[in-house]
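**Student:** Quick one: this structure, given as structure tokens, is what I'll be asking you about.
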Amino acid sequence: MSTFLQQLINGISLGAIYSLIALGYTMVYGVLKLINFAHGDVYMVGAFMGFYLANGLGARGAQMLGMSGDGIVARGLLGGGAMEPSLITALVVMLLAMAICAAIGVIIERFAYRPVRKYSRLTALITAIGVSLLLENGGQVVFGAEPKFFPELFSKRNIDLVGGASINSADIIVLVIAIVLMIALQLIVYRTKTGRAMRAVSFNLQSAKLMGINTDRIIAFTFALGSALAAAAGVLVAIRIPRIDPLMGILVGLKAFVAAVLGGIGNIPGAMLGGLLIGITETMVVGYLSPTYKDAVAFAILILILLFRPSGLLGTVAQEKV
Amino acid sequence: MPRYLRNLIIALVVIAVLIGLDFVFQGRMLNPYFVRILMLSGIAITLAVSLNLINGFTGQFSIGHAGFMAVGAYSSAYFSVNYGVNLANSLGGGKVGWVVALLVSTLIGAFFAGLAGLAVGIPSLRLRGDYLAIVTLGFGQIIVVFLNNIEAVGGARGYSGIPIVKSFFWIFLVAVLTIVIVYNIVNSAFGRALISIREDELAAEAMGVNTTRYKVMAFVISSALAGAGGVLLAHFDGYLNPKSFEFIKSFEILIMIILGGLGSIVGSVLGAIVLTVLPEALRGFAEYRMVIYSLLLIILMITRPQGLLGSTGPLKAWRKRRKLTAENAGGGPAAAPTSPSTVATQPERPAPGGENLR
């Protein structure tokens, strides 16, 4: 029972991160019908931006003290630090990383995807793979191929729960931030004019254009939003598990995409649900079967969805028009 | 001359040429490094041409070719190590025995890779859309995870002790066979069905093409040929490592056919050779190689999405010119091509893939 509860907690925390990334996939797919393969790598860039920002802001942590245990509060490098490591630092780091990645997302869209939008969708897909590899290999050159360790931004504690399980304070923060971000996204998409325009574009790009929507700007905005969420996920992952490397986005990106398909691609609540389900299933497999095959779980789930419910859990079957 | 006789003669000539070249290369008259690159190009040709069948001609997007290659390589290597040696010895251990053992091994590799293709293809090709891309990507990753954990084939340490067959003849025989198979498929009724699926899947279905069946068949054939390519690789160095089948490998094959042009066999062959030789020439920039590749890919997609030889490749342009001059000279339909296979199989189109990835 305690194993179950423990794995459930871990799964929800992991799943929340998958959800954040899956949202970016699903939104871009909604407006452009494009699998943005580079999305997982934007998440990686987000984690690295967080790493450099945290160090720049004066947090000193796990990288110097080794993989420290609980309770080592990092102190600033510059005489007490420009900023004391705290939850506030973590938030500032995350928000700045989100802003940088939003800009990167817009740049990718502007210079790689927009020029090929007039060609077939296969061309766009190949371009996306190109961008993904550029980020991965460029990341290896720029950031270095060896893994880096994210500084500890606040002290982590284990809080014991009833039933023998325990929850780490990092997990709570990850979950709270993820929920806040998802609520914010929900408000943007369903309560603002831009959000309405996004939904219109994803419904039908041509008609949206005819109605006077600046579709290019909406598409760029969608990329910005998705990339910002991916960056947040990157920083949150680094807070949970401080080891980051330039190839960390490949598998996570793939799983998040599966999460988006599971929920119903193009469907925002679906991506959240799918992410949680993938996260929980994965930790359950680790807990009860074997950690070796945890990376195979998402793939098995994908095959099952494609066989039994290709439109996803919350997706609707789209009729094809000729 | 009857057609079959002509084909038989061509086949014999090709085999004779390959044996002759094999003799030359085995004779150590050439730089062994050069011969090695040449043989690796042959393996790359097999892989690229087979991938082009599904990506270029059928318009479905597979990005896990290395996975099928791995299935072929490992299954054939397992056979060769555990049974192939005995089989060869029981047949006298001479040249004949080895040829039989290698043939069986190749067939086994192709069979299992085709089987994997069937398992991946059926769920993902029933649907229209980009699902094949994501499923093959996942398959490629998962195969590596499994290979890393199967101790019978060495796990993460790699699989060593596979009988080495460094034969120019064998490698290029498979490469030529792959080209012939793909060429014949593309220029048959089956191939026309595939091309119709690429151009417009809905219209193809409306015309009575069983799209799922054709897509799955093309995918299985493509996977099986990739498996044969894997068999060649397994026996080339006598050592396999799961690392060499990671996504980067699939991507390399993909960029070969995109560079050459989707839907162009000549393009695939050239792309395979260029991308095998280029890294050797760029050894000093190994660190930046993949960065350059990916930038190149993006720029190519923006400026020339059909690839260098796609749709208006030199061969097709030449053929069209020849057809035109023939029509002008002979005048009228009398000069029309005698065999329907020379009718341009691919209409001019802005980019391969078209609208069918809906």
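**Student:** Could you figure out which of (1) in contact with a Phe, Trp or Tyr (Cβ under 9 Å, 6 or more places away or on another chain); (2) touching a residue at least 24 places away in the same chain (Cβ under 8 Å); (3) farther than 18 Å from B:LEU132 by Cα isn't true of B:ILE197?
**Tutor:** Against the list (1) in contact with a Phe, Trp or Tyr (Cβ under 9 Å, 6 or more places away or on another chain); (2) touching a residue at least 24 places away in the same chain (Cβ under 8 Å); (3) farther than 18 Å from B:LEU132 by Cα, B:ILE197 comes up short only on (3).
**Student:** I'm trying to understand the selection: among the residues of the stretch A:108-123, which are modelled with pLDDT of 90 or more and at the interface with chain B (Cβ under 7 Å from one of its Cβ atoms)?
**Tutor:** Matches in the stretch A:108-123: A:ALA112, A:PRO115, A:VAL116.
**Student:** What tally of residues in the stretch A:192-217 results from selecting those that are without any contact (Cβ under 8 Å) to a residue 40 or more places away in the chain, surrounded by 13 or more Cβ atoms within 10 Å (Cβ to Cβ) and among the hydrophobic types (A, V, I, L, M, F, W, C)?
**Tutor:** Selection size over the stretch A:192-217: 4.
**Student:** Filter the stretch B:215-246 for residues that are within 14 Å of chain A (Cβ to nearest Cβ) and surrounded by fewer than 23 Cβ atoms within 10 Å (Cβ to Cβ); which is nearest to B:ALA156 (Cα to Cα)?
**Tutor:** Restricting to residues being within 14 Å of chain A (Cβ to nearest Cβ) and surrounded by fewer than 23 Cβ atoms within 10 Å (Cβ to Cβ), the top hit is B:LYS243.
**Student:** Please find, among A:ILE183, A:ILE126, the residue that is within 22 Å of A:ILE21 (Cα to Cα) and either within 14 Å of chain B (Cβ to nearest Cβ) or in contact with a Cys (Cβ under 7 Å, 6 or more places away or on another chain) (or both). Quick ask: steps written out before the conclusion?
**Tutor:** Values: A:ILE183 fails: either within 14 Å of chain B (Cβ to nearest Cβ) or in contact with a Cys (Cβ under 7 Å, 6 or more places away or on another chain) (or both).
Matching residue, one of A:ILE183, A:ILE126: A:ILE126.
**Student:** Considering each residue of the stretch A:138-174, count those that are assigned to a helix (DSSP H, G or I) and of a type outside the set (Asp, Glu), and give that number. First the steps, then the outcome.
**Tutor:** Within the stretch A:138-174, the first condition is being assigned to a helix (DSSP H, G or I), and the residues that meet it are A:138-142, A:169-174.
Then keep just the ones that are of a type outside the set (Asp, Glu); that gives A:138-142, A:169-170, A:172-174.
The total comes to 10.
**Student:** Identify the residue in the stretch A:149-180 that is in contact (Cβ under 8 Å) with a residue 60 or more places away in the chain and of a type in the set (Asp, Glu) and, among all such residues, is surrounded by the fewest Cβ atoms within 10 Å (Cβ to Cβ).
**Tutor:** A:ASP171
**Student:** Shifting gears a bit: Is it the case that some residue within the stretch A:275-286 is within 12 Å of chain B (Cβ to nearest Cβ) and among the small types (Gly, Ala, Ser)?
**Tutor:** First, the residues of the stretch A:275-286 that are within 12 Å of chain B (Cβ to nearest Cβ): none.
No, the stretch A:275-286 contains no residue that is within 12 Å of chain B (Cβ to nearest Cβ) and among the small types (Gly, Ala, Ser).
**Student:** Kindly indicate the residue of the stretch A:163-196 that is among the hydrophobic types (A, V, I, L, M, F, W, C) and farther than 23 Å from A:ALA231 by Cβ and also nearest to the chain's Cα centre (by Cα) among those meeting that condition. Quick ask: steps written out before the conclusion?
**Tutor:** Here is the first cut: in the stretch A:163-196, the ones among the hydrophobic types (A, V, I, L, M, F, W, C) are A:165, A:167, A:170, A:172-185, A:187-189.
Checking which are farther than 23 Å from A:ALA231 by Cβ leaves us with A:165, A:167.
Details: A:ALA165: 27, A:ILE167: 22 Å.
Applying the filter and picking the extreme gives A:ILE167.
**Student:** Restricting the search to the stretch A:237-268, which residues are more than 14 Å from chain B (Cβ to nearest Cβ) and free of Cβ contacts under 8 Å to residues at least 60 places away in the same chain?
**Tutor:** Of everything in the stretch A:237-268, just one residue is more than 14 Å from chain B (Cβ to nearest Cβ) and free of Cβ contacts under 8 Å to residues at least 60 places away in the same chain, namely A:ILE241.
**Student:** For the stretch B:123-169, what are the residues that are more than 7 Å from every other protein chain (Cβ to nearest Cβ) and of a type in the set (D, E, K, R)?
**Tutor:** If the condition is that a residue be more than 7 Å from every other protein chain (Cβ to nearest Cβ) and of a type in the set (D, E, K, R), then B:ARG126, B:ARG128, B:GLU151, B:ARG157, B:LYS166 are the ones that fit.
**Student:** Based on this model, can you work out whether B:LEU295 counts as within 13 Å of chain A (Cβ to nearest Cβ), within 16 Å of A:LEU125 (Cα to Cα) and touching a residue at least 12 places away in the same chain (Cβ under 8 Å)? Give the derivation first.
**Tutor:** Values: within 13 Å of chain A (Cβ to nearest Cβ): yes; within 16 Å of A:LEU125 (Cα to Cα): yes; touching a residue at least 12 places away in the same chain (Cβ under 8 Å): no.
The answer is no for B:LEU295.
**Student:** Name the helices (runs of 4 or more DSSP H) wholly within the stretch B:1-113 that hold at least 1 residues that are modelled with pLDDT of 85 or more and either farther than 28 Å from B:PHE245 by Cα or among the aliphatic types (A, V, I, L, M) (or both)? Quick ask: steps written out before the conclusion?
**Tutor:** Values: elements: B:3-26, B:32-52, B:65-79, B:85-90.
Passing ranges, in order: B:3-26, B:32-52, B:65-79.
**Student:** B:GLU287 fails exactly one of the following numbered conditions: (1) within 11 Å of chain A (Cβ to nearest Cβ); (2) under 20 Å from B:ILE134 (Cα atoms); (3) assigned to a helix (DSSP H, G or I); (4) more than 12 Å from the chain's Cα centre (by Cα). What is the number of that condition?
**Tutor:** Among (1) within 11 Å of chain A (Cβ to nearest Cβ); (2) under 20 Å from B:ILE134 (Cα atoms); (3) assigned to a helix (DSSP H, G or I); (4) more than 12 Å from the chain's Cα centre (by Cα), the lone unmet condition for B:GLU287 is (2).
**Student:** Oh, and also: Every residue in the stretch A:129-148 that is surrounded by fewer than 19 Cβ atoms within 10 Å (Cβ to Cβ) and away from chain B (no Cβ under 14 Å), please.
**Tutor:** A:PRO147
**Student:** Can you confirm whether the stretch A:301-319 contains a residue that is away from every other protein chain (no Cβ under 13 Å), of a type outside the set (Ser, Thr, Tyr), under 22 Å from the mean Cα position of the chain (by Cα) and at negative phi?
**Tutor:** Of all residues in the stretch A:301-319, those away from every other protein chain (no Cβ under 13 Å) come to A:313-314, A:316.
Restricting the remaining residues to those that are of a type outside the set (Ser, Thr, Tyr) gives A:313-314.
Cutting the leftovers down to under 22 Å from the mean Cα position of the chain (by Cα) gives us A:313-314.
Going one step further and asking which of them are at negative phi, we end up with A:313-314.
The answer is yes, given that some residue of the stretch A:301-319 is away from every other protein chain (no Cβ under 13 Å), of a type outside the set (Ser, Thr, Tyr), under 22 Å from the mean Cα position of the chain (by Cα) and at negative phi.
**Student:** Within the stretch B:247-301, which residues are aromatic (Phe, Trp, Tyr) and either in contact with a strand residue (DSSP E or B) (Cβ under 8 Å, 6 or more places away or on another chain) or crowded, with 20+ Cβ neighbours inside 10 Å (or both)?
**Tutor:** Applying the first criterion (aromatic (Phe, Trp, Tyr)) to the stretch B:247-301 yields B:247, B:251, B:285, B:288, B:293.
Answer for the stretch B:247-301, where residues must be aromatic (Phe, Trp, Tyr) and either in contact with a strand residue (DSSP E or B) (Cβ under 8 Å, 6 or more places away or on another chain) or crowded, with 20+ Cβ neighbours inside 10 Å (or both): B:PHE247, B:PHE251, B:TYR293.
**Student:** Output the number of residues of the stretch B:116-137 satisfying the condition of being in a helix (DSSP H, G or I) and without any contact (Cβ under 8 Å) to a residue 12 or more places away in the chain. Break it down into steps so the answer makes sense when it comes.
**Tutor:** Just the residues of the stretch B:116-137 that are in a helix (DSSP H, G or I), to begin with: B:116-125, B:131-137.
Cutting the leftovers down to without any contact (Cβ under 8 Å) to a residue 12 or more places away in the chain gives us B:119, B:131, B:134.
Matching residues across the stretch B:116-137 total 3.
**Student:** Condition first: buried (at least 16 other Cβ atoms within 10 Å of the Cβ) and part of a helix (DSSP H, G or I). Now tell me which residues in the stretch B:149-170 satisfy that. First the steps, then the outcome.
**Tutor:** Step one: of the stretch B:149-170, the residues buried (at least 16 other Cβ atoms within 10 Å of the Cβ) are B:153-154, B:159, B:162-163, B:165-170.
Passing the criteria: B:VAL153, B:PHE168, B:PHE169, B:TRP170.
The values are calculated or read from the model by the stated rules, or taken from the named source; none is laboratory data. The structure displayed is predicted, hence computed values, not measured ones. Please note: Cβ atoms are built from the backbone with ideal geometry, for glycine as well, and neighbour counts cover all protein chains shown.
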